[in-house]
Amino acid sequence: MEFQNLLNTTHSMHRKLAMKMISNTGLTPGQPRILNYLYTHDGSSQTEIAAACFIETASLTSVLNGMEAKGLVERRRQNGNRRTYYIYLTDKGKEMCRIIDEAFKEINVKLFSELPPEEVSVFMDVFEKIYEKLAEMLEEL
């Protein structure tokens, strides 16, 4: 299988598995990534979130509307800035982050359980290099 197909298929399977594991939360596919980003970058602007999560700003607005309706995030203005909203996790959003984190940890444990630690380490090193190269290539565009 070509790298592109292998990567896309693996990503799709991982995402489908994760969504099945958190199906009782009512989250939609784009929401866990945004919640995870906000967990470490609470109070980010929509522009920052869109860039970090590789989502178009218009699409992010729609996802955030749904998250706000569920009580996961809230929009606030800061320092008299009337143009920019900053997004903050609510307590419910933070709890959802904990649930997502537990699901991903369980996936990782099962995923790598039959591989020797050395192979996991080499794989992660190579995969990180691929990530860094892709990021570099995007920067050049």
Look at segment 50-86 and say how many of its residues are surrounded by 14 or more Cβ atoms within 10 Å (Cβ to Cβ), farther than 13 Å from Gln31 by Cα and among the aliphatic types (A, V, I, L, M). 1
Taking only pairs six or more apart or across chains, which ones have beta-carbon atoms under 6 Å, a first residue in segment 124-141 that is farther than 26 Å from Leu111 by Cβ and among the aromatic types (Phe, Trp, Tyr), and a second residue that is modelled with pLDDT under 95 and assigned to a helix (DSSP H, G or I)? none
Within segment 28-87, which residues are part of a helix (DSSP H, G or I), touching a helix residue (DSSP H, G or I) at 6+ places or on another chain (Cβ under 8 Å) and of a type in the set (Val, Ile, Thr)? Ile34, Thr47, Ile49, Thr57, Thr61, Val63
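The values are calculated or read from the model by the stated rules, or taken from the named source; none is laboratory data. Only a predicted model underlies this, so the values are computations on that prediction, with no experimental measurement involved. Using ideal geometry, Cβ is built from the backbone for each residue, glycine included, and neighbour counts are taken over all protein chains shown.
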